[in-house]
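Have a look at the structure below before the remarks.
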Amino acid sequence: MTPTMLRQLWSVVESSQATTLVSLDDATLVQWLVKQLKRKSTLNGREADVINEYIESRLSLIRDLAEERLGSEPLLT
């Protein structure tokens, strides 16, 4: 994964509505984030697979950041 892809992903996370990030189930959140990234750049199949795996490994962090932005207690899932 390139540094540009990483920056784009975290930019998408930061600019997304926190309520969206915490309300979607894991699989839907991964798909939604990949879709947002595809809008910003052209991902080939291999890049999409790599970013998909990376997002899956960082779901807890993504949700924690979103919950912090909401200023609420962690939501039960």
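FYI, it's all coordinate maths here, none of it is from the lab. As the structure is a prediction and not an experimental result, all values here were calculated from the model.
Let me check against my output: what whole-number percent is the relative contact order of the chain, with C-alpha pairs under 8 Å and at least 6 apart? Please list the in-between numbers first.
Numbers: 40 pairs, mean separation 31.5, N = 77.
Here the relative contact order equals 41 percent.
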Summing -39500 (n - 2.57) over every DSSP H run of at least 4 residues in the chain and dividing by its residue count gives a helix-only mean residue ellipticity at 222 nm, to the nearest 500 deg cm²/dmol, of -23500 deg cm²/dmol
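Between Glu68 and Ser11, what length in nm is gained on full extension when 0.36 nm per residue of separation is reduced by their alpha carbon distance?
On the way: separation 57, 0.36 × 57 = 20.52 nm, distance 1.62 nm.
Residue separation times 0.36 nm, minus the Cα-Cα distance, leaves 18.9 nm.
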Taking Cα atoms only, helix 3-15 is inclined relative to the longest principal axis of the chain by an angle, in degrees rounded to 10, of 30
